[in-house]
Amino acid sequence: MMRHFKKMQALGSLAALALVAAGCSAPANTKDDVATEGLGTPSAAVAQAAKDFKGPFTYWIGLTFPESSNDLEAARIKAWGDNLGIKTEVVKVNQNEVVQQASGAIEAKSLPSAMTVPYDLMSTMATGGQLSPVPDAYAAVGQAHQGWLKSIDAATKAKSFGGKVYGVPFGFFGNVLFSRADLLKEKGFNAPPRTWGELLAQSKATQNPPKTYGMGFARSNVLDGNLTTSMMQSFGGRVADDAGRKCTIDSPQTASFLKWIKGAFDAGQFPPSAVTWDGAGDNNSYTSGQSLFIVNTGSVYQSMKKDDPDLPRPVPTRPSPPGLPARWPRWIRATVWSPRAPRRPAKSWPRTSSRPWRTTPTWPASWRTPRTAPY
């Protein structure tokens with residue numbers, strides 16, 4: 001995972017390259033040294049492009065955890081706008097509502113100038129004609145950070161995108177399993193579970209409801225709920241074939257997984273509130289001491305250091321557990337900046353194109369050269 005500081009540098013690059021800047025409504029600290037890091041005097045071409053820009057530059061950000069990350073991101077966006085003399089508006093969007101709000105904005109033709117979205121939503125918006133390709137920006141940011149990792153480069157240039165680049169990744173991550181080793185050791189479990197089957201066994205033996213529950217995994221309609229798909233795949237189940245054309249979810253492997261997870265639910269291993277959690281539900285359940293196991297990217301650990309220093313530190317297990325018979329690599333997802341035109345671009349701006357991974361309208365060339373990156 002990229003360091004948060006480097007992520008903020010990338011944000012500065014994207015904004016200066018006229019990609020979208022996602023933000024949050026919390027007051028930004030423009031005096032933050034990190035937020036203003038690397039912002040220098042813009043070139044004449046960039047300064048002119050900024051002067052010609054009409055209207056506020058709006059940016060949506062899907063809330064992350066902890067809140068300090070959202071504040072820093074908003075501060076970076078505002079610092080970028082202040083540096084170019086552009087008014088910026090940053091808006092917090094609950095991750096549970098990103099799709100709903102984006103759909104409404106598309107219908108009302110009121111999408112923001114840019115937004116931060118996960119890979120899957122970017123793909124949907126791009127194929128729906130809501131995003132613009134940004135190959136120059138992608139190349140410039142990559143050059144500024146010693147090149148893109150092969151896996152991320154391949155995902156960005158997926159064949160389904162028709163050879164076009166529709167967004168600039170600012171981070172990628174893999175989920176890991178966090179466990180309350182202190183409570184597990186009291187029951188004789190000195191090592192983290194190697195499979196989901198072992199996890200369920202440890203959960204049943206250790207939890208003490210309603211004080212504690214073993215499986216702190218979201219059962220709600222939220223991004224974290226996608227862990228269920230990874231669980232199914234670890235049992236050998238699949239959604240589609242390699243070509244992506246034939247549905248393969250109806251299989252003995254999927255049936256085995258469904259029987260297993262329903263059994264866990266019926267046995268009371270999930271916190272009752274897990275069916276209504278938002279994006280921070282598992283984080284809060286763990287830091288409050290309610291859940292013994294969660295699958296997280298590490299943000300929960302960062303927040304604990306400041307907000308819950310007395311809570312025993314979790315023991316992270318490198319990959320999420322494999323299923324009963326099969327192994328499954330850890331789940332990695334690329335998160336991208338997906339700039340989008342909220343309204344019809346002015347005549348001086350090329351029209352917005354329509355494919356996956358798009359960002360903003362096609363901005364003037366002077367905004368998309370490596371020289372504009374504020375390093």
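Within region 215-232, the set of residues being of a type in the set (Val, Ile, Thr) and at pLDDT below 90 comprises Val222, Thr229.
Counting only helices (runs of 4 or more DSSP H) that fall entirely inside region 30-116 and contain at least 2 residues that are among the charged types (D, E, K, R) and either modelled with pLDDT under 85 or more than 21 Å from Ala280 (Cα to Cα) (or both), the qualifying elements are 44-52, 67-84. Please go through region 43-72 and pick out each residue that is buried (at least 19 other Cβ atoms within 10 Å of the Cβ) and farther than 15 Å from Thr116 by Cα. Selection gives Val46, Ala49, Ala50, Phe53. Which one of these does Gly188 not meet: (1) on the phi > 0 side of the Ramachandran plot; (2) at pLDDT below 95? Every condition holds for Gly188 apart from (2).
Pro193 satisfies every condition listed in (1) part of a helix (DSSP H, G or I); (2) in contact with a strand residue (DSSP E or B) (Cβ under 9 Å, 6 or more places away or on another chain) except (1). Applying the set (1) in a helix (DSSP H, G or I); (2) out of contact with any Lys or Arg (no Cβ under 8 Å at 6 or more places or on another chain); (3) closer than 25 Å to Ala218 by Cα to Ala155 leaves exactly one unmet item: (3). Selection within region 244-278: residues that are loosely packed, with under 13 Cβ neighbours inside 10 Å, more than 20 Å from Lys204 (Cβ to Cβ) and not hydrophobic (A, V, I, L, M, F, W, C). The member of this set that is farthest from the chain's Cα centre (by Cα) is Pro252. Return the residues of region 78-92 that are within 21 Å of Pro118 (Cβ to Cβ) and touching a helix residue (DSSP H, G or I) at 6+ places or on another chain (Cβ under 6 Å); say none if nothing qualifies. Result: Val90, single match. Only a single item in (1) surrounded by 14 or more Cβ atoms within 10 Å (Cβ to Cβ); (2) modelled with pLDDT of 90 or more is not met by Lys211, and it is number (1). One residue stands out in region 265-311 among those that are charged (D, E, K, R) and over 20 Å from Ser69 (Cα atoms): the one that is modelled with the highest pLDDT, namely Asp266.
Candidates are the residues of region 293-314 that are under 22 Å from the mean Cα position of the chain (by Cα), among the hydrophobic types (A, V, I, L, M, F, W, C) and not in a strand (DSSP E or B); the one that is surrounded by the most Cβ atoms within 10 Å (Cβ to Cβ) is Val300. Please verify whether Gln130 is touching a Lys or Arg at 6+ places or on another chain (Cβ under 9 Å), among the polar types (S, T, N, Q) and either assigned to a loop (DSSP other than H, G, I, E, B) or surrounded by fewer than 19 Cβ atoms within 10 Å (Cβ to Cβ) (or both), treating the condition exactly as stated. Criteria met by Gln130.
The values are calculated or read from the model by the stated rules, or taken from the named source; none is laboratory data. For clarity, every value in this text was computed on a predicted model and none was experimentally measured. Cβ atoms come from the backbone with ideal geometry, glycine included; neighbour counts cover every protein chain shown.
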